[in-house]
């Protein structure tokens with residue numbers, strides 16, 4: 001049943017999927033639900049410098065953009081590979097990656113949840129040997145579809161565990177490219193609490209540890225969604241030098257600051273509906 005629905009969505013043109021997302025997104029906006037609650041709270045506490053109307057526009061648009069990602073992803077997993085790659089209309093910064101590889105360095109792609117992050121791994125694994133960190137889905141059928149969809153361009157998925165971290169480390173020593181999602185909560189005791197938009201957030205330390213141990217070239221990568229379903233604009237931007245600091249808190253905080261700058265460029269396309277601050281440092285009150 002799941003595969004049938006996804007196959008139908010995969011055949012619908014991207015502009016039509018973009019239009020379909022608006023009424024579905026409005027349901028998320030109007031009907032009380034967890035995503036709406038998280039989005040409203042996150043935007044309010046992370047972007048206090050904006051007016052209430054600006055914040056409202058951002059969290060509402062963010063929910064619509066989230067629906068777009070859900071509707072578009074089956075096309076990326078199941079669509080013809082050449083047609084998927086044609087959805088990428090512009091790429092900035094690819095030459096810097098090629099130069100790092102030519103110098104015999106491994107490459108770390110740090111991909112925050114902005115725009116449609118699904119196409120990032122597909123595009124880059126089509127060009128370079130790439131290993132991607134992955135959190136398995138509870139539904140086995142959906143998990144198989146996603147795994148196959150992400151690996152069919154040449155990427156290799158590894159679990160977001162210590163074993164997966166060891167594989168990523170080995171891959172960097174072999175001058176390969178790896179991909180990490182930096183803004184998911186790693187779980188109690190698995191990360192460090194450092195500021196994210198001024199709020200202490202349990203932050204993954206994989207990127208810092210790998211960068212500091214291998215001196216690989218690290219980049220923040222995003223796939224911004226173009227208006228009217230026209231495709232995506234991929235950006236590759238060099239991570240700040242402080243990411244390589246031997247102190248994990250310094251490195252993780254540096255990564256968060258890099259992400260903040262990028263998110264503020266297109267805040268409506270960020271995944272504000274995620275409960276990013278659900279774990280709190282000892283003594284701090286619950287946020288949600």
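We did not get these values from a lab; they are worked out from the coordinates using the rules stated. Remember, predicted model here, so these are calculated numbers, not experimental data. Ideal geometry is used to build each Cβ from the backbone, glycine not excepted, and the neighbour counts take in all protein chains shown.
Per-residue counts of other Cβ atoms within 10 Å, averaged by peptide: what ranking do you get for 133-145, 206-218, highest first?
Packing order, densest peptide first, comes out as 206-218, 133-145.
Can you compute the FRET efficiency between residue 265 and residue 163 using 1/(1 + (r/R0)^6), with r the Cβ-Cβ distance and R0 = 35 Å? Round to the nearest 0.05.
0.50
What is the calculated FRET efficiency for residue 52 to residue 237, with r their C-beta to C-beta distance and R₀ = 30 Å, to the nearest 0.05?
It comes to 0.45.
So for the pair residue 96, residue 3, with labels modelled 7 Å out along Cα→Cβ, what separation do we get in nm?
Between residue 96 and residue 3, the label points sit 4.2 nm apart.
Sticking with the crude label model, points 7 Å out along Cα→Cβ, report the distance from residue 44 to residue 139 in nm, one decimal please.
Roughly 3.2 nm, to one decimal.
Taking the alpha-carbon centroid of each part, what is the distance from region 32-91 to region 150-205 in angstrom?
21 Å
Write down the percent of antiparallel bridges among all DSSP beta bridges whose residues are both part of the chain, to the nearest 5.
Among the beta bridges of the chain, antiparallel pairing accounts for roughly 40 percent.
Counting helices only, and only those DSSP H runs with n ≥ 4, report the 222 nm mean residue ellipticity of the chain as the sum of -39,500 (n - 2.57) divided by its residues, in deg cm²/dmol to the nearest 500. Walk me through the intermediate numbers first.
On the way: 11 runs with 141 residues, N = 288.
Using -39500 (n - 2.57) per qualifying helix, the result is -15500 deg cm²/dmol.
Counting pairs of alpha carbon atoms under 8 Å apart in space and at least six apart in sequence, what relative contact order in percent does the chain give?
26 percent
Residue 127 to residue 85: extension gain in nm, 0.36 nm per residue of separation minus the Cα-Cα distance?
Length gained, residue 127 through residue 85: 14.0 nm.
Under 17 Å from a point placed 7 Å out from the Cα of residue 230 along the Cα-to-Cβ direction: which residues of region 10-47 have their backbone N that close?
In region 10-47, the label zone of residue 230 (backbone N under 17 Å from the point 7 Å along Cα→Cβ) covers 14-19.
Quick one: length gained pulling residue 284 to residue 248 fully straight, 0.36 nm per residue minus the C-alpha distance? Present the calculation step by step, with values, prior to reporting the outcome.
Numbers: separation 36, 0.36 × 36 = 12.96 nm, distance 2.15 nm.
Computed gain between residue 284 and residue 248 is 10.8 nm.
So for 225, 40, fewest C-beta neighbours within 10 Å to most, what's the order?
Values: 225 24, 40 20.
The most exposed by this proxy come first: 40, 225.
Take each of the peptides 22-33, 165-176, average the number of other beta-carbon atoms within 10 Å over its residues, and list them starting from the highest.
165-176, 22-33
Full-extension gain between residue 105 and residue 275, please, as 0.36 nm times their residue separation minus the C-alpha to C-alpha distance.
Taking residue 105 through residue 275 to full extension adds about 57.7 nm, to one decimal.
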